[in-house]
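Have a look at the structure below, then the notes.
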Amino acid sequence: MATETYDVIIVGSGAGGGMSAYHLTKAGLKVLMLEAGRNYDPRVETPMFNTNAEAPLRGVGTPDKPFGFYDATVDGGWEVPNEPYTVAEGSEPFIWWRPRMLGGRTNHWGRIALRFGPLDFKPRSRDGLGYDWPITYDDLAPWYDKTEKLVGVSGAYPPQNLLNTPDSPPGCLMEAAPPRAFEIFYARAFKAMGIPVIPMHGAVVSGQMEGRNTCLFATPCGRGCAIGANFQSTTVLLPPAMATGNLTIRTNALVYQVDLDKAGKARGVSFVDRKTGEHHSVTAKSVVLAAGSGETARILLNSKSPKFPDGLCNTHGMVGRYLMDSVGLGVSGQFPALEGLPPTNDDGQGTQHTYVPWWGYEKQKELGFPRGYHIEIGGGRHMPSMGMAGLLPDDETSVGDDLRAKLRNRFGSTIGFDGRGEMIPNDDCYCELDPTTKDKWGIPVLRFHWKWGESETNQAAHMVKTFLEVIDRLGGKPEPHVETDGRKAISKGGEMIHEIGTARMGHNDTDSVVNQYGQSWAVPNLFVMDGAVMVSSPDKNPTLSIIALAWRSADNLATLAKQGAL
Amino acid sequence: MSSTPPQDEPYVSKIDRRSAIAWMGVVGAALAGGAGVIVYGERMGGERVTRGYGTDPKLVKPEKAPWSRIMVPAQLQTAAILADFILPASGAAPSASSLGIPDFIDEWVSAPYPSQVKDRPVIMNGLNALSVHVLKTSAADRAKALAALPASADPATKAFWKKFRHLTIGAYYTTPEGFKDVGYIGNVARTADPGPSAEVKAVLERELQKLGL
């Protein structure tokens, strides 16, 4: 590695890093990718058809594996050994999900692949709140088209022409999987409320796609996919990048600093090998940060020099600012109408087959909150877990044949409604370096500050109200003790694992850290290509947009490289 | 129903032979009890292992949970009796004890994680209290003690009953036998998802009409 000369160093191997590597290596550039976690190969490490009975504790979540034993996440979760973070005194809770594995969070993500809409790029122009992006939907639309075709996204349907819910052009999406029984069921209640239910866009190969395997319509996507039928950086982006011969990957390389030359350009990066503790510096003609919004901000803030005493690209104090997450909460219900349905295979394609896009764009004022949410709805007869007893009322005590009959009858009769909503960036949500706490290798860690605004808590209260109405219309009984106060019901900051916006793009160096192509204003050969560049946090889950933006930015970087402009 | 009440037939571990051999290495001597099974004996020697499986366990072929088991034969026997009171054999469905649920309860209460550590005294104290009434007692007394459990007003007993039943149901229905009993027919590779059958759709339609939807 020491003798190689690289055109680009990419820090991170997830959605942004993987996409950047895919494009830059195909463009003929020599790329060194540095990943903080270990090597990971979903083809041989995915527990595809394992039952919970084969796992310790029947697969329930533990501090070692918070999302369950079979969740793909390696060496991570809400805590990463030896790599702490802190939350400022007086802050509302914030939690930070990190894996330490090749492909990052693309290995376990929810595979919900929704495009941002035109209004999402111009929120301030719409209602005076938040900030406008320096690009429009039309600027990104061609990259969404390309991304959907590469990622493999299901959910094609005739154009719906719904406001701010883009229809993909023909040929971008594969056919939607048919609604399952519970999806047919809930759709009727929404319809009665005048709310649309449409096919989900899922990053799952649901039909024939050249070079890819089709979904087996079994096993949860969160475990990863041994046949590469869903989108993971490790199955879709990195293998073709490696095949070019232009990509070198070094794992267990925790980057903590961008190094500058005398002229103030990026010379390379410094990292610590997580296994040996040794420090290394590597060089290249340009550097791409795609370590995830938190880690990318941390690297910039830790890159201090006489010219940048408060951290690289932070002259105007913008790094770490405008941190956002999705608003989230869920309410479940049990439905007598679904009891005793004939056995049916509800495993499906991993993501929901249908969902509810936000329907209230034109009545936000009367609703009392400025931005909306979509609804992700889960149910059906999924592989039983340790929560089976939860199918029964809390005070239920039957045994024997009576118990067996009740469980059989109620299996598949619960539905969970989860809202994912837009958050407006505010001055109380940001990250900075903790003045005292350091990680195992002596590198300062992030300290988070968080406070939801009224826009978000009012939206959360509306989610609960909507879900309770739907449950009622369907003749169901909500779970006990539903919290209706939005401020109490709302998720913790970071909990939706959509943290974005710590190095946002903008029009100039006073309002942003990077330009519309992720190129930093302060250091022209330093780029950011992950969720950190996002200016707003629409209700739509961010991964598809991270990939599309990274592709657009990588294309610009490749052009600059060819022009000798780096 | 099983023809022999659990009390009269020692509970036999259902852990497989490979696991049993490894397990014996940890806990010391146990009595060999025929092909693929061991009978619980008193555990001897060896340091108690209290570590979890770590943040990067093998997923495709999970290894046996590394922590030492803490339940003694009387507790396992009591767990077998209670698990079979909750889910006795019925038709083609096997009993809870025949699926090794007591072993699972042992794995659960022995685990080093916070949730399981919290459950430990609830289950262990409950089993100890119940054992007096179900081990070495008449069938009538045993039946009476078991029947009294769900209606007990004693907070500790209530908590024990609720938690033990929750664990038994979860452990039972996460097995292939449990899948069959409850009607889970997934976890099989398919070339396409055809969606629900006409029969299912017809039932749904009737129910939706009843709801005015």
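The values are calculated or read from the model by the stated rules, or taken from the named source; none is laboratory data. Since this is a predicted model, take the numbers as computed values, not measurements. When we count neighbours, we look across all protein chains shown, and the Cβ atoms used for this are built from the backbone with ideal geometry, even at glycine.
Can you tell which of A:35, A:89, A:4, A:79 is without any contact (Cβ under 8 Å) to a residue 24 or more places away in the chain and away from chain B (no Cβ under 14 Å)?
On inspection, the qualifying residue turns out to be A:89.
How many residues does region A:39-78 contain that are touching a strand residue (DSSP E or B) at 6+ places or on another chain (Cβ under 6 Å) and surrounded by fewer than 23 Cβ atoms within 10 Å (Cβ to Cβ)?
1
Condition check ((1) charged (D, E, K, R); (2) at negative phi; (3) touching a residue at least 40 places away in the same chain (Cβ under 8 Å)) across all residues:
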site: A:281; (1), (2), (3): no, yes, no
site: A:286; (1), (2), (3): no, yes, yes
site: A:302; (1), (2), (3): no, yes, yes
site: A:307; (1), (2), (3): yes, yes, yes
site: A:311; (1), (2), (3): no, no, yes
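Given the conditions (1) more than 8 Å from chain B (Cβ to nearest Cβ); (2) modelled with pLDDT of 95 or more, report the number of the one that residue A:384 does not fulfil.
Against the list (1) more than 8 Å from chain B (Cβ to nearest Cβ); (2) modelled with pLDDT of 95 or more, residue A:384 comes up short only on (1).
Going by the conditions given, is residue B:207 in a helix (DSSP H, G or I) and facing another protein chain (nearest Cβ under 7 Å)?
Yes: the conditions hold for residue B:207.
Considering every residue within region A:417-425, establish whether at least one is over 30 Å from residue B:187 (Cα atoms), out of contact with any Asp or Glu (no Cβ under 6 Å at 6 or more places or on another chain) and not aromatic (Phe, Trp, Tyr).
Looking through region A:417-425, at least one residue is over 30 Å from residue B:187 (Cα atoms), out of contact with any Asp or Glu (no Cβ under 6 Å at 6 or more places or on another chain) and not aromatic (Phe, Trp, Tyr).
Among the residues of region A:264-279, which ones are assigned to a loop (DSSP other than H, G, I, E, B) and either buried (at least 22 other Cβ atoms within 10 Å of the Cβ) or touching a residue at least 60 places away in the same chain (Cβ under 8 Å) (or both)?
A:264, A:265, A:274, A:277
Limited to region B:165-200, what total is found for residues that are part of a helix (DSSP H, G or I), farther than 30 Å from residue B:83 by Cα and at the interface with chain A (Cβ under 7 Å from one of its Cβ atoms)?
2
Looking at region B:78-90 only, could you name the residues that are within 9 Å of chain A (Cβ to nearest Cβ) and either without any contact (Cβ under 8 Å) to a residue 24 or more places away in the chain or of a type in the set (Gly, Ala, Ser) (or both)?
B:90
Listed here are the residues, each with its yes/no results for (1) of a type in the set (Asp, Glu); (2) surrounded by 14 or more Cβ atoms within 10 Å (Cβ to Cβ).
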{"residue": "B:109", "(1), (2)": "no, yes"}
{"residue": "B:113", "(1), (2)": "no, yes"}
{"residue": "B:131", "(1), (2)": "no, yes"}
{"residue": "B:138", "(1), (2)": "no, no"}
{"residue": "B:147", "(1), (2)": "no, no"}
{"residue": "B:154", "(1), (2)": "yes, no"}
{"residue": "B:161", "(1), (2)": "no, yes"}
{"residue": "B:176", "(1), (2)": "no, no"}
{"residue": "B:187", "(1), (2)": "no, yes"}
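Taking residue A:13 as the residue in question, decide whether it is crowded, with 18+ Cβ neighbours inside 10 Å, outside any helix (DSSP H, G or I) and of a type in the set (Gly, Ala, Ser).
yes
Kindly indicate whether any position in region A:396-419 is aromatic (Phe, Trp, Tyr) and either under 24 Å from residue A:452 (Cβ atoms) or under 20 Å from the mean Cα position of the chain (by Cα) (or both).
yes
Got a sec? Which of A:432, A:396 is surrounded by fewer than 16 Cβ atoms within 10 Å (Cβ to Cβ) and out of contact with any Asp or Glu (no Cβ under 8 Å at 6 or more places or on another chain)?
A:396
Answer with yes or no whether residue B:191 is surrounded by fewer than 17 Cβ atoms within 10 Å (Cβ to Cβ) and either within 30 Å of residue A:473 (Cα to Cα) or of a type in the set (S, T, N, Q) (or both).
yes
Pull out all pairs, ordered by first then second residue, where Cβ-Cβ is under 8 Å, the residues are six or more apart or on different chains, the first lies in region A:38-61 and is more than 7 Å from chain B (Cβ to nearest Cβ) and closer than 28 Å to residue B:68 by Cβ, and the second is of a type in the set (Ser, Thr, Tyr) and surrounded by fewer than 21 Cβ atoms within 10 Å (Cβ to Cβ).
A:59/A:385; A:60/A:385; A:60/B:115
What tally of residues in region A:351-369 results from selecting those that are without any contact (Cβ under 8 Å) to a residue 60 or more places away in the chain and either over 26 Å from the mean Cα position of the chain (by Cα) or assigned to a helix (DSSP H, G or I) (or both)?
Total meeting the criteria: 3.
Considering each residue of region A:152-199, count those that are aliphatic (A, V, I, L, M), crowded, with 19+ Cβ neighbours inside 10 Å, assigned to a loop (DSSP other than H, G, I, E, B) and within 13 Å of chain B (Cβ to nearest Cβ), and give that number.
Looking only at that region, the number is 3.
So residue B:116 clears everything in (1) of a type in the set (S, T, N, Q); (2) more than 8 Å from chain A (Cβ to nearest Cβ); (3) assigned to a helix (DSSP H, G or I) except one condition, right? Which one?
Exception for residue B:116: condition (2).
One residue is enough: does region A:526-534 have a residue meeting the conditions surrounded by fewer than 23 Cβ atoms within 10 Å (Cβ to Cβ) and not hydrophobic (A, V, I, L, M, F, W, C)?
So far as region A:526-534 goes, no, none of its residues is surrounded by fewer than 23 Cβ atoms within 10 Å (Cβ to Cβ) and not hydrophobic (A, V, I, L, M, F, W, C).
Only one residue in A:372, A:442, A:400, A:419 is without any contact (Cβ under 8 Å) to a residue 24 or more places away in the chain and away from every other protein chain (no Cβ under 14 Å), so which one is that?
A:442
Against the conditions (1) over 24 Å from residue B:145 (Cβ atoms); (2) assigned to a helix (DSSP H, G or I), where does residue B:98 fall short? Just the number, please.
For residue B:98, the exception is condition (1).
Yes/no per residue for (1) assigned to a loop (DSSP other than H, G, I, E, B); (2) within 12 Å of chain B (Cβ to nearest Cβ):
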| residue | (1), (2) |
| --- | --- |
| A:214 | yes, yes |
| A:219 | yes, yes |
| A:227 | yes, yes |
| A:234 | no, no |
| A:237 | no, no |
| A:240 | no, no |
| A:255 | no, no |
| A:259 | no, no |
| A:262 | yes, no |
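Quick one: which of A:102, A:114, A:140 is in contact with a Gly (Cβ under 7 Å, 6 or more places away or on another chain) and either under 30 Å from residue A:438 (Cα atoms) or surrounded by 21 or more Cβ atoms within 10 Å (Cβ to Cβ) (or both)?
After applying the criteria, what remains is A:102.
Regarding region A:461-474, can at least one residue be identified that is under 22 Å from the mean Cα position of the chain (by Cα) and within 26 Å of residue A:381 (Cα to Cα)?
Within region A:461-474, one or more residues are under 22 Å from the mean Cα position of the chain (by Cα) and within 26 Å of residue A:381 (Cα to Cα).
Against the conditions (1) within 11 Å of chain B (Cβ to nearest Cβ); (2) surrounded by 24 or more Cβ atoms within 10 Å (Cβ to Cβ); (3) more than 20 Å from residue A:42 (Cβ to Cβ), where does residue A:148 fall short? Just the number, please.
Here residue A:148 meets the rest and fails (1).
Is it the case that region A:322-341 has a residue that's modelled with pLDDT of 95 or more, touching a Cys at 6+ places or on another chain (Cβ under 9 Å), buried (at least 19 other Cβ atoms within 10 Å of the Cβ) and small (Gly, Ala, Ser)?
No, every residue in region A:322-341 fails to be modelled with pLDDT of 95 or more, touching a Cys at 6+ places or on another chain (Cβ under 9 Å), buried (at least 19 other Cβ atoms within 10 Å of the Cβ) and small (Gly, Ala, Ser).
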